[in-house]
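Worksheet: the structure to be examined is printed underneath.
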Amino acid sequence: MPRHLKITAILFCIVSAIGLLDATYLTVKHYLGGIPPCTLRGCEVVLTSAYNTIAGIPVALFGVLYYMTILLVSLAYMISKKEMIIRHAAYLTPIGFIASIYFVYLQLFVINAICLYCMASAATSTLLFILGAYVVIAPRKQLTEK
């Protein structure tokens, strides 16, 4: 297992675990009918808006599935040491990044409120996207340098 991919896989695991915890917390709060405490006044506005669910399913639950998938695929890479597996994780990261861009847009320009938990999720998905880009681009860069 190349060292740079091992480090990237560990970072994938750490960042996706943070995102998983955040999204799971929001999902549980949604199903329990509560609003998590927030230092910003916008959390309750965002988390009770019409944009908080898709077909009755909280968007945080989709986040749980996304982060769990990235985490499991990264762990599978660390166990198997097959480079294609970490590439699969990398290829999934644009999904979370695009979703985050959309949800940040909604908060800033449509709902006019900011949810701290949602912004944390946007940060984790952005970090995953950057790591994914590194996994995809780094081997190409190494090939051109040879």
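The values are calculated or read from the model by the stated rules, or taken from the named source; none is laboratory data. In this text, all values refer to a predicted model and were calculated from it rather than measured experimentally. Positions of Cβ are generated from backbone atoms using ideal geometry, with glycine treated the same way; all protein chains shown enter the neighbour counts.
The table that follows gives values for the structure above.
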| read-out | value |
| --- | --- |
| Residue identified as closer than 15 Å to PHE103 by Cβ and either in contact with a helix residue (DSSP H, G or I) (Cβ under 6 Å, 6 or more places away or on another chain) or in contact (Cβ under 8 Å) with a residue 24 or more places away in the chain (or both) among SER16, SER49 | SER49 |
| Total residues in segment 90-116, condition under 18 Å from ALA17 (Cα atoms) and at pLDDT below 95 | 1 |
| Residue in segment 21-41 that is within 20 Å of LEU127 (Cα to Cα), surrounded by fewer than 16 Cβ atoms within 10 Å (Cβ to Cβ) and without any contact (Cβ under 8 Å) to a residue 40 or more places away in the chain present | yes |
| ALA17 surrounded by fewer than 20 Cβ atoms within 10 Å (Cβ to Cβ), in a helix (DSSP H, G or I), under 19 Å from the mean Cα position of the chain (by Cα) and modelled with pLDDT of 95 or more | yes |
| Checking LEU47 against (1) crowded, with 17+ Cβ neighbours inside 10 Å; (2) under 21 Å from ILE14 (Cβ atoms); (3) modelled with pLDDT under 95, the condition it does not meet | (2) |
| Some residue of segment 123-136 being closer than 22 Å to ILE7 by Cα, surrounded by fewer than 17 Cβ atoms within 10 Å (Cβ to Cβ), at pLDDT below 95 and more than 18 Å from the chain's Cα centre (by Cα) | no |
| Residue ID - surrounded by the most Cβ atoms within 10 Å (Cβ to Cβ), chosen from residues in segment 53-85 that are without any contact (Cβ under 8 Å) to a residue 24 or more places away in the chain and not hydrophobic (A, V, I, L, M, F, W, C) | THR69 |
| Search result, residues across segment 28-82 that are among the charged types (D, E, K, R) and assigned to a helix (DSSP H, G or I) | LYS29, GLU44 |
